[in-house]
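The values are calculated or read from the model by the stated rules, or taken from the named source; none is laboratory data. On a predicted model such as this, the values are computed, not experimentally measured, just so you know. Using ideal geometry, Cβ is built from the backbone for each residue, glycine included, and neighbour counts are taken over all protein chains shown. When the accessible area is computed, the model is the full protein with side chains, heavy atoms only, and any ligands, DNA or RNA have been set aside. Shrake-Rupley method; radii C 1.70, N 1.55, O 1.52, S 1.80 Å.
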Amino acid sequence: MTTFKALVKEVLLPRKESEILLFHAFDCDRSWFYAHGDDPVTMPEATHFFELVKRRQAGEPLAYILGQWEFWSLPLTVTPDVLIPRMDTEILVQWGVSLLLESSRRRCLDLGTGSGAVALAVKHEVSGSEITAVDLSEPALSVARANGRQLGLEVEWLWGSWFEPVRTRHFELIVANPPYIRDDDEHLHQGDLPAEPSMALRAGNDGLRALRELATEGQASLEPGGWMLLEHGWDQGSDVRNLMADNGWQAVETRRDLAGHERVTGGRRPL
Ligand code: GLN
């Protein structure tokens, strides 16, 4: 016999993580835990909690163990088929939302949507927006579609490589959080990254494979004056600004994430 509080302390994980796993295992929340922390728990009752702890200790991301992760205050289902949404990406949403709100027509294309995080956040924020989201991974698209259904947000989900499924169409805004990590970056072997889909992370020797393609092809899918916003690595700002400027984008500018790193570069298709 032990208690809920003792269980949290007993396992070798950061306290916050063991609490989150305990809440998940016992289907309770923090306020319940404060009221019942000293209640007795038998070892058999704690079996599920110990299993979750073991998975975490073996390196499985918390988000995949919980099966749910929050982005832009929206609860999203996440599985190993999708990248775990990051706070860094909220700047992409923020910028995209402000551009769409200024536009009378509000068609937005999200490329490499993964869990659907960006597409759904924009849809949630901008009334009258028409969102199309593309991914090359069918399993990722089913996660995204399920997220849309769960949140009651309508998005057009299309399978394909970047612009392929929308070749003849035009949008006011394109947003993307594409893969942008160099193949030899050690960061790929750290933290949650080894468990995440490599196609959502790796982008060739220079990390710019996807960003280059988007910068080259983006204007053909935009209305004149439309914007494209690209998330990238903290050290890729000048590379992406050059890629966009070389491909005729105007008003090219980079914005920083909450940590102060250059994170999203955008440009406008000339009128
Ligand atoms: N920002 C993620 C990371 O560095 C990578 C996401 C991506 O490649 N799109 O962990």
Correct response: the longest run of the chain lacking exposed trypsin sites (Lys or Arg not before Pro), defined by DSSP loop and at most 14 other Cβ within 10 Å, is 1-104
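What stretch of the chain, leaving out the sites themselves, is the longest with no GluC sites (Glu not before Pro) in a DSSP loop having at most 15 other Cβ atoms within 10 Å? Provide the component values of the computation, followed by the final result.
Working: sites that count: 102, 154.
Result for the longest clean stretch: 155-271.
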Non-local residues with an amide H under 5 Å from the amide H of residue 71, with H modelled 1.01 Å from N and Pro and chain starts lacking one, are 76
Among 109, 188, 214, the residue with the largest mean-square fluctuation in a Gaussian network model of the chain built from Cα contacts under 10 Å is 188
Answer check: the stretch 97-228, Cα atoms, Kirkwood Rh, Rg/Rh ratio of 0.98
Computed D for the stretch 174-271, Stokes-Einstein, Kirkwood radius over alpha-carbon pairs, 4 °C, 1.567 mPa s, to the nearest µm² per second, is 94
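Taking a probe of 1.4 Å, how large is the accessible area per residue of the chain, in Å²? Intermediate values should be presented prior to the final figure.
Working: 12930 Å² over 271 residues.
I get 48 Å² per residue for the chain.
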Interchain or sequence-distant (5+) residues whose placed amide H lies within less than 5 Å of the amide H of residue 3 are 41
Cα-based Rg then Dmax for the stretch 1-116, in Å, read 18.8, 63
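Which order do you get for 131, 91, 20 if you rank them by accessible area with a 1.4 Å probe, largest at the top? Please list the in-between numbers first.
Working: 131 5, 91 30, 20 55 Å².
Largest accessible area first, the list is 20, 91, 131.
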Note, the stretch 55-60: 3J(HN,Hα) by Karplus (6.51, -1.76, 1.60, θ = phi - 60°), whole Hz, Gly/Pro = x, goes 4, 5, 5, 7, x, 5
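Can you compute the charge dipole magnitude of the chain about its Cα centre, using +1 on each Lys and Arg Cβ and -1 on each Asp and Glu Cβ, nothing else charged? Give it in debye, rounded to the nearest 20. Don't skip to the end; give the middle numbers.
On the way: 27 positive and 41 negative charges, 87 e Å.
Dipole size: approximately 420 debye.
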Check: C-alpha center the stretch 143-186 vs C-alpha center the stretch 241-270, spacing in Å is 19
log10 I(q)/I(0) for the chain, Debye formula on C-alpha points only (no solvent), q = 0.10, 0.12, 0.16 Å⁻¹, two decimals, reads -0.56, -0.75, -1.16
For the stretch 26-43, in residue order, the Karplus 3J(HN,Hα) values (coefficients 6.51, -1.76, 1.60; θ = phi - 60°; whole Hz; Gly and Pro = x) are 9, 6, 9, 10, 4, 5, 4, 4, 4, 6, 10, x, 8, 5, x, 10, 8, 4
